[in-house]
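Following: one structure in structure tokens, then a few remarks.
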Amino acid sequence: MAELNQFRGTGRRKTSVARVRLVPGGAGVEINGKQMGEYFGGREILHRIIEQPLILTETLNKFKVLVKVNGGGDSGQAGAIRHGIARALVTTDETLRAALREAGFLTRDSRMVERKKYGKKKSRRSPQFSKR
């Protein structure tokens, strides 16, 4: 049974998409059914990225964060989760918008991988040139 009192947010970064639910009264972050430490391993920087909006708004132990994330790599997924948490926090309390906007957590990072062009090895790397 789905809980009625929960807040949702969708976050995106590179090719990652995170669907975030905040459930009041709990604590901790669960990503794709695993605890955050188990999902990202020992990469402490990714843990900090995910917790940034919760620490900024002082709601770290007020919500249980449930996340479904797919696409991209670890760093892109962490950024997408942060974006989703920030959007969900705004739905809980509209007064948090100013602080989250100021920190840049509500802005979708539009940088994507540049496409490969024909005649090139990668997007910009040309084949090696030789006179002879």
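For the reader, a short list of remarks on this structure follows.
- Between the stretch 98-132 and the stretch 1-78, the alpha-carbon center distance in angstrom: 26
- ³J(HN,Hα), Karplus 6.51/-1.76/1.60, whole Hz, each residue of the stretch 66-76, x for Gly, Pro: 10, 10, 10, 10, 8, x, x, x, 4, 5, x
- Every helix of 4 or more DSSP H residues in the chain counts as -39500 (n - 2.57), and over all residues that averages to -10000 deg cm²/dmol at 222 nm.
- When the pairs Lys34/Lys122; Lys34/Lys121; Lys14/Lys64 are compared against a 30 Å limit on Cα-Cα distance, Lys34/Lys122; Lys34/Lys121 fall above it.
- Taking the fewest neighbouring Cβ atoms within 10 Å as the starting point, the ordered list for Ser123, Ser75 is Ser123, Ser75.
- The stretch 7-103 - Rg over Rh from alpha carbon coordinates, Kirkwood radius: 0.93
- With at most 14 other Cβ atoms within 10 Å, longest stretch of the chain clear of loop chymotrypsin sites (Phe, Trp or Tyr not before Pro) (DSSP): 1-117
Read-outs: derived from the displayed coordinates by stated rules, not from any lab. No experiment lies behind these values; they were computed from the predicted model shown. Please note: Cβ atoms are built from the backbone with ideal geometry, for glycine as well, and neighbour counts cover all protein chains shown.
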